[in-house]
Amino acid sequence: MTLKKYTLSQIGFWSYLTTLFLVSVLPSFGKLNEKHVRIVLDYELRLDYLIHIGAYITFFLIYVLSRFVNQPLFKENSLVKIIGITIISAIVTEAVQLIIPYRTFNPFDCLSNIVGVGLGILISISLQKFIPKG
């Protein structure tokens, strides 16, 4: 029996996904929900929404870095698989909070996750030209 050899990129991706899920289900301190960031003029946005967006953009930065160092996360269709995994995790990490007594589901958190996925896709596509071929 041989053990599968994982690349550092794969270990980083799956570790990040696991950490993100754990953070989503563990009790939080609730202070991020109280912080607001002034975006434009008088429009304010809760800080935790920006954190949700950044958390999902990070998946795509890991993807771009894995391509840049020639350690693809998957053998084929990496970007498509990353998109699928991140959309599913964006929804599941919020939906699971419906059944956890000390957490509350917030549809805007889920929307922020999806926005992060969308921005991550745009960033990874725009950075494709900097990734060496081969």
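The values are calculated or read from the model by the stated rules, or taken from the named source; none is laboratory data. None of these values were measured; they are calculated from a predicted model. As a convention, Cβ positions derive from the backbone with ideal geometry for all residues, glycine included, and neighbour counts pool all protein chains shown.
Of the residues A90, A95, which is surrounded by fewer than 16 Cβ atoms within 10 Å (Cβ to Cβ) and either within 15 Å of F21 (Cα to Cα) or not hydrophobic (A, V, I, L, M, F, W, C) (or both)?
Step by step, each of A90, A95 is checked, and only A95 is surrounded by fewer than 16 Cβ atoms within 10 Å (Cβ to Cβ) and either within 15 Å of F21 (Cα to Cα) or not hydrophobic (A, V, I, L, M, F, W, C) (or both).
Could you please find all residues in the stretch 98-128 being assigned to a loop (DSSP other than H, G, I, E, B), exposed (fewer than 15 other Cβ atoms within 10 Å of the Cβ) and either within 12 Å of the chain's Cα centre (by Cα) or not β-branched (V, I, T) (or both)?
P101, Y102, F105, listed by residue number.
I'm trying to understand the selection: among the residues of the stretch 63-82, which are of a type outside the set (A, V, I, L, M, F, W, C), part of a loop (DSSP other than H, G, I, E, B) and either free of Cβ contacts under 8 Å to residues at least 24 places away in the same chain or more than 16 Å from G12 (Cα to Cα) (or both)?
Within the stretch 63-82, K75, E76, N77 qualify.
Rundown of residues vs (1) farther than 24 Å from P132 by Cα; (2) at pLDDT 90 or above, yes/no style:
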position: Y6; (1), (2): no, no
position: G12; (1), (2): no, yes
position: L17; (1), (2): yes, yes
position: F21; (1), (2): yes, yes
position: P27; (1), (2): yes, no
position: L32; (1), (2): yes, no
position: L41; (1), (2): yes, no
position: L50; (1), (2): yes, no
position: Y63; (1), (2): no, yes
